[in-house]
Structure formats: C-alpha cells, structure tokens
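Enquirer: The structure's right below; bear with me while I get my questions together.
The values are calculated or read from the model by the stated rules, or taken from the named source; none is laboratory data. All values derive from a computational prediction rather than experimental measurement. All Cβ positions, glycine included, derive from the backbone under ideal geometry; neighbour counts span all protein chains shown. The area values use the complete protein model at the heavy-atom level, side chains included, leaving out ligands, DNA and RNA. Shrake-Rupley method; radii C 1.70, N 1.55, O 1.52, S 1.80 Å.
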Amino acid sequence: MRFHTVTGHDADRLRTFLRDADLTLAGLDEPDVHLWMEQDEAGTIVGSTGFELSRDGAHALIRSVAVAPNRRAAGAGSRLAVFALERAAQAGASRAWLFSRRSGPFWQRLGFTGADRDDLAAVLAEAHQVRLFVGTGRLGTEVAWSRSLTDLS
C-alpha cells in the first residue's frame, strides 16, 4: 500500500473515516493541515495520518492517525505515525506533539513522553485542534504527548 496526499476529492471519505475513529475533524480542509491516507486495492481507506506546523515551523502537531479496525495490530499504526513524523521533520519541525487520551502506550513505543497540555497549546496556539479544544473548554481534559524529531531513527 502507498500513502497519497489527501485532496478535496478525498475529504468527505476521510471525514467519515476519522469520525468513525472518534478523531477530531477541525481544520481538515485547511491548507496548513498536511494529510495522507492509505487505501487498499479496492480504494477503501485503511489508514490516515497528518500534521500541522506551528507558526515558526519548529513544532508539529501530529493528528488524524487512524487505522481501520480490521487492519489494527499489523503495524499499520506505527507505519502511519512514523510517516507523519518523518514528513514533519522534513518540513523543519524539531519537536512533535499530539493529544491522545486512549493510546498512550502506542505513542510511548514511538518515543513520546507525557507533556504539559498548556505547553502544547502555547507552541501550537494556531493549530486547529488546539483552537477547538481551547474554545470549547476541552483542553483541560486532554492528554498531551511530545518527542524530539531530531533523533528519528
């Protein structure tokens, strides 16, 4: 399977896929949100991944990492996450951040450690997901994670 950049043509299908995975949809159509997806031979979405950069480009919010239920436990999630981390590093980011209340052990295996959600919100204040969480008062219920991108292996 190959990754391909999400275009306007893919937006509705991706939105449905991410809604079913219970992930945030904020900003999916915005040009500063970089998204990719994997499809099987029949064109069914089997995974997605993406990121947003901070205004200064030093920080990336990893987002929209999801795997179809029938494809989990086969390494797809790690492949998708690493793809986004590598692309964020190539774009100039030196630190990756994300929100995850349910998948901490997964992210820890990829080198993430618990982070202060207010620090995340400060360095990525313009990110769509951050603005949504701050605006709705949900930031205080979120769990933040972070890792350096300078040591990707």
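Enquirer: Residue check, A144 against (1) surrounded by 13 or more Cβ atoms within 10 Å (Cβ to Cβ); (2) free of Cβ contacts under 8 Å to residues at least 40 places away in the same chain, all met but one. Which one?
Expert: Of (1) surrounded by 13 or more Cβ atoms within 10 Å (Cβ to Cβ); (2) free of Cβ contacts under 8 Å to residues at least 40 places away in the same chain, only one is false for A144: (2).
Enquirer: Somewhere in the range 106-118, is a residue buried (at least 21 other Cβ atoms within 10 Å of the Cβ), assigned to a loop (DSSP other than H, G, I, E, B) and out of contact with any helix residue (DSSP H, G or I) (no Cβ under 7 Å at 6 or more places or on another chain)?
Expert: Yes, that holds for at least one residue.
Enquirer: Taking the conditions exactly as written (under 23 Å from A144 (Cβ atoms), assigned to a strand (DSSP E or B), hydrophobic (A, V, I, L, M, F, W, C) and touching a residue at least 12 places away in the same chain (Cβ under 8 Å)), does A66 satisfy them or not?
Expert: yes
Enquirer: Looking at (1) assigned to a loop (DSSP other than H, G, I, E, B); (2) more than 20 Å from G114 (Cα to Cα), which is the only condition S48 fails?
Expert: It is condition (1) that S48 fails.
Enquirer: Being β-branched (V, I, T) and either open to solvent by less than 10 Å² (accessible area, probe 1.4 Å) or in contact with a helix residue (DSSP H, G or I) (Cβ under 7 Å, 6 or more places away or on another chain) (or both) is the filter here, so list the residues in the range 35-80 that pass it.
Expert: I45, V46, T49, I62, V65, V67
Enquirer: Moving to a separate point now. Does A21 count as closer than 22 Å to F99 by Cβ, within 14 Å of the chain's Cα centre (by Cα) and open to solvent by less than 10 Å² (accessible area, probe 1.4 Å)?
Expert: In short, no.
Enquirer: Go through the range 119-135 and give me each residue that's more than 15 Å from H59 (Cβ to Cβ) and either open to solvent by less than 50 Å² (accessible area, probe 1.4 Å) or touching a helix residue (DSSP H, G or I) at 6+ places or on another chain (Cβ under 8 Å) (or both).
Expert: Within the range 119-135, F133, V134 meet the criteria.
Enquirer: Also, I was wondering about something else. Restricting attention to the range 81-97, does a residue exist that is part of a strand (DSSP E or B) and either among the acidic types (D, E) or buried (at least 20 other Cβ atoms within 10 Å of the Cβ) (or both)?
Expert: Looking for residues that are part of a strand (DSSP E or B) and either among the acidic types (D, E) or buried (at least 20 other Cβ atoms within 10 Å of the Cβ) (or both), one finds at least one in the range 81-97, hence yes.
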